[in-house]
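Chemist: What follows is a structure written as structure tokens; I'll ask about it next.
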Amino acid sequence: TSASSVTIVDADQIILNDGGTMKQVAVTALNTYTSASIAADDISTGDGAVTLATSSGNITIDAQAGDADIIFKGTDSSSDITALTLDMSEAGAATFNDKVVATELDISGNMDIDGTSNLDAVDIDGAVQIDATVTVGVDDTGYDFKLFGATSGSYLLWDESDDALEL
């Protein structure tokens, strides 16, 4: 008729109704049953925040079926969206629904950009191949353009203020 706080240990017994027969069962038997692995497709939707955490080791998300993608979904205001898809048929190629915001980007392979790239500053340490016309500035608004030679102090300069090519 009243509840109290208890500490349950493995040696304790709990009474269960087993098909109409009341039985005492050791807590260890229930622990084995309740601690078994649960398949992810048996987990239902909850109504609170979820945190996956570990104090050591990795957290692994593994889509084990052939070419099964890993998809991150959410709700933007009131619209369901797919924010990110990792395409396993393309070795995990990532497709984002919108832009990627990062403080740093380190790409160790090739880069293919379809569209305009707006770069505030560019430092290229290797060879550059340009397969189309190079335009510096816009009509009636030019910029200085300098090409250095192999000899110190030698260069070719388009001086926009003089509208002249200088050696």
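Chemist: Report the label-to-label distance for Asp125 and Leu167 in nanometres (one decimal), using points 7 Å from each Cα along the Cα→Cβ vector.
Modeler: 3.5 nm
Chemist: What FRET efficiency comes out for Tyr33 versus Thr60 if R0 is 25 angstrom and r is the Cβ-Cβ distance? Round to the nearest 0.05.
Modeler: On the way: r = 26 Å, r/R0 = 1.03.
Working from the Cβ atoms, E equals 0.45.
Chemist: Apply the Karplus curve 6.51 cos²θ - 1.76 cosθ + 1.60, θ = phi - 60°, to the phi angles in segment 99-116 and return the couplings in whole Hz, x for Gly and Pro.
Modeler: Values, residue by residue: 5, 9, 10, 9, 8, 7, 9, 10, 10, 9, x, 6, 10, 10, 10, 9, x, 8 Hz.
Chemist: Ranked from the most accessible area to the least, with a 1.4 Å probe and all protein chains present, what is the order of Thr103, Thr135, Thr54? All intermediate terms of the calculation are to be shown ahead of the outcome.
Modeler: On the way: Thr103 155, Thr135 110, Thr54 75 Å².
Largest accessible area first, the residues go Thr103, Thr135, Thr54.
Chemist: Between Thr7 and Val50, what is the spin-label point distance in nm, taking each point 7 Å from the Cα along the Cα→C-beta axis?
Modeler: Between Thr7 and Val50, the label points sit 3.4 nm apart.
Chemist: Turning to a different aspect of this structure: In whole Å, what is the distance between the alpha-carbon centres of segment 93-160 and segment 19-79?
Modeler: If we compute the Cα centre of each part, the gap is 49 Å.
Chemist: Now a separate question. Applying a 10 Å radius around every beta-carbon, put 61-67, 26-32, 123-129, 90-96 in order of their mean neighbour count, most first.
Modeler: Values: 61-67: 8.0, 26-32: 12.9, 123-129: 4.9, 90-96: 11.0.
In decreasing order of mean packing, 61-67, 26-32, 123-129, 90-96 become 26-32, 90-96, 61-67, 123-129.
Chemist: What is the set of long-range amide H partners of Ile70 at a cut-off below 5 Å, with H atoms built 1.01 Å from backbone N?
Modeler: Leu86, Met88
Chemist: Could you tell me which label, among (1) 20.2; (2) 25.2; (3) 21.3, carries the value of Kirkwood radius over Cα pairs in Å calculated for this structure?
Modeler: (2)
Chemist: Which residues' amide hydrogens lie under 5 Å from the amide hydrogen of Asp12, considering only partners 5 or more residues apart or on another chain, with H built in the peptide plane?
Modeler: Val27
Chemist: For the pair Val134 and Asn17, how long in nm is the line joining their label points, each one 7 Å along Cα→Cβ?
Modeler: For Val134 paired with Asn17, the spin-label model returns 8.6 nm.
Chemist: What net charge do the residues around Asp87 carry, taking every other residue with its C-beta under 13 Å from that of Asp87, with Lys and Arg at +1 and Asp and Glu at -1?
Modeler: On the way: positive: none; negative: Asp67, Asp69, Glu90.
Net local charge, Asp87 excluded: -3.
Chemist: Now a separate question. Please list, in chain and number order, the residues 5+ apart from Asp144 or on another chain whose amide H is under 5 Å from its amide H, with Hs placed from the backbone.
Modeler: Glu160
The values are calculated or read from the model by the stated rules, or taken from the named source; none is laboratory data. Nothing here was measured: the structure is a model prediction, and the numbers come from that model. With ideal geometry, Cβ positions are generated from the backbone for all residues, glycine too; neighbour counts draw on all protein chains shown. To get the accessible areas, we keep the full protein, side chains included, count just its heavy atoms, and leave off ligands, DNA and RNA. Shrake-Rupley method; radii C 1.70, N 1.55, O 1.52, S 1.80 Å.
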